[in-house]
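Scroll down for the structure; my scribbles are underneath it.
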There are 2 protein chains.
Amino acid sequence: MVGRMASTRADDVYRRLRTDILGGRLVPGQRLKFPELSQNYETSVGAAREALTRLVADGFVRTQAHQGFCVTPLSYEGLAELTQARVEIEPLVLRLSVREGDMTWEAGAVAAHHVLERTPFFAADDDTHPSDAWSSAHAAFHASLLAGCRNRRMLAIARSLREEAELYLQWSVAFGRERDVAGEHRALLDATIARDADLAAELLRDHIAHTAQLLIRGATDGPEA
Amino acid sequence: MVGRMASTRADDVYRRLRTDILGGRLVPGQRLKFPELSQNYETSVGAAREALTRLVADGFVRTQAHQGFCVTPLSYEGLAELTQARVEIEPLVLRLSVREGDMTWEAGAVAAHHVLERTPFFAADDDTHPSDAWSSAHAAFHASLLAGCRNRRMLAIARSLREEAELYLQWSVAFGRERDVAGEHRALLDATIARDADLAAELLRDHIAHTAQLLIRGATDGPEA
DNA sequence: TGTCAACAAACTTTCGAAAGTCAGCCCGAG
DNA sequence: CTCGGGCTGACTTTCGAAAGTTTGTTGACA
């Protein structure tokens, strides 16, 4: 090779594993063994290990010394803690975003919402899990709302919380049929673009809390999560 | 060996590196090369690599593909972002701690303060950097204040922000001679034990902001940081 | 039948060398 | 003198096998 190598193999495996977890192809709680991994991802033990180490830091994978790695299991307590953290922190970041974001940021939010609004919740062939397309669009929309915040550190914290939340969404039983999610998203966008920090923060808090509540109710009824 | 292995070699190297960074034995910006590392820490490249990967996640080390690792450099922007994040988030966690902490937690805070109060700021042989003992005691005191918070996730976020802040403190020029840090700490403890969440949160916010201000002033006068 | 130790299999962790990449240097051409 | 190509040395990344740990099983003994 002559040019600058963009990334490393471990980087690549990391991204693929991450995508597979978020996409539901790896089940929470599932053990991740090196023999399998190095075969499935066509890599060596070392590279797989580095990828896993990074996923542990992200919270997507758990590990105990000499007992290997597994996809972080979902749990009530986990969801409860995650939700509280999101309820406290995300509105904070949204406020900053609303205060500091420029026109390009506004445009990004509007664009992301446009896509989300037109992406169906379910895929054609599966009406139990949200479609990959919707998940991506949903994540992108929320990310775009926060993206105005200039503090990369706070942004990173909020984003990592959101990502874990997407995982709970991915593994939840179907919901949202009876709920006006689209309306909530629209209201959130409007308040944000209108630079009404108080309203936007309140809407976001409710949106997060409401979603978590439905997830818990869904899990209690049909025990899929 | 027969019993359960408590940890791994990579774990060990990780902890030692971390301690060396926080203790100022590794300089911010300093390149971390594998040949040196594996010699100094008596380990293989692989183990050193895993340790570094984890330190990157913690924010203590930076890396770019194919260009190796270096201790995260300190900077104005870094300090400003860190401070803002701390000002926003730590008081939040302190509120929860004050609300949820039990008597054991109170006792821990009182104990940590007792130690801090009796630990001299400077070591006998060096009056430019805070002593290792004081740094530890200071970190332990602040950690103990937050430790009442039951939400491990939020606790982890706050603690990681604090740890990075200790690093800026470590590399700051001397300060605190003219400042009543001890008084601030005592007031913080009192408000916390009295379960006055509003006051405690406000004191903590001021404490953080005040410290950052002095750090910046110190860096502008004598350009050590 | 229940308990425990030794064994076996599977996996995790560690290692050090091989392969790949970058930065700096030298040298020749313009 | 300046610019660019190729070379060298040092370092990073990758690999797969060796060493070490855990888990499950088997068989002896109470």
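The values are calculated or read from the model by the stated rules, or taken from the named source; none is laboratory data. What you see is a predicted model; the values in this text were computed from it and never measured. As a convention, Cβ positions derive from the backbone with ideal geometry for all residues, glycine included, and neighbour counts pool all protein chains shown. Protein only, heavy atoms only, side chains kept; ligands, DNA and RNA dropped before computing areas. Shrake-Rupley method; radii C 1.70, N 1.55, O 1.52, S 1.80 Å.
Before moving on, here are some points about what is shown:
- What you get for the range B:1-146, charging only the Cβ of Lys and Arg (+1) and of Asp and Glu (-1), is a dipole of about 540 debye around the Cα centre.
- Reduction of at least 50 Å² in accessible surface, 1.4 Å probe, comparing all protein chains with the chain by itself, residues of the range A:64-80: A:66
- Magnitude of the charge dipole, the range A:76-221, Cβ model with Lys/Arg +1 and Asp/Glu -1, debye to 20: 500
- Percent accessible area from carbon and sulfur atoms, the range A:9-71, protein chains only, probe 1.4 Å: 47
- Ranking B:167, A:108, A:93 by Cα position along the charge dipole of the protein assembly as shown, where only Lys, Arg, Asp and Glu carry charges on their C-beta atoms, puts B:167 farthest toward the positive end.
- Take residue B:11, move 7 Å from Cα toward the beta carbon, and the resulting point lies 3.0 nm from the same point in each other copy, nearest first.
- Given R0 = 56 Å, the distance between the Cβ atoms of residue A:196 and residue B:67 translates into a calculated FRET efficiency of 0.80.
- Heavy atoms of chains A and B lose about 2700 Å² of accessible surface on contact, summed over both sides with a 1.4 Å probe.
- The stretch between residue B:166 and residue B:133 holds 10.6 nm of extra length on full extension. This uses 0.36 nm per residue minus the Cα-Cα distance.
- Take each residue in B:150-157, count the other chain C-beta atoms within 10 Å of its C-beta, and the mean is 6.
- The C-alpha atoms of chain B define a longest principal axis, and helix B:152-170 lies at about 80 degrees to it.
- Measure of compaction for the range B:142-212 (Cα Rg per 2.2 N^0.38 Å): 1.16
- Cα long-axis angle, helix B:76-100 against chain B (0 to 90 degrees, to the nearest 10): 50
- Angle of helix A:103-117 to the longest C-alpha principal axis of chain A, folded into 0 to 90 degrees and rounded to 10: 80°.
- Amide hydrogen neighbours beyond the local backbone of residue A:122, cut-off 5 Å, H modeled: A:131
- Identity and axial distance of the chain A residue whose Cβ lies nearest the axis relating A to B, Å: A:57, 2
- Net dipole in debye of the range B:9-71 [+1 Lys, Arg Cβ; -1 Asp, Glu Cβ; about Cα centre; nearest 20]: 120
- Rounded percent of accessible protein surface that carbon and sulfur make up, the range A:76-221, 1.4 Å probe: 55
- Local electrostatic count, residue A:156, Cβ distance below 12 Å [Lys/Arg +1, Asp/Glu -1]: +1
- Cα centroids of the range A:27-46 and the range B:58-137: 37 Å apart.
- Across the protein assembly as shown, Cα-Cα pairs more than 36 Å apart make up 34 percent of the total.
- Residue-normalised accessible area of chain A, given per residue in Å² at a 1.4 Å probe: 50
- Inter-copy spacing of residue A:111 label points, which lie 7 Å from Cα along Cα→Cβ, given in nm from shortest upward: 5.5
- Positive minus negative residues near residue A:41 (Lys, Arg vs Asp, Glu; Cβ under 10 Å): -2
- The residues neighbouring residue A:114, those whose beta-carbon lies less than 15 Å from its own, together hold a net charge of -1 under the Lys/Arg +1, Asp/Glu -1 convention.
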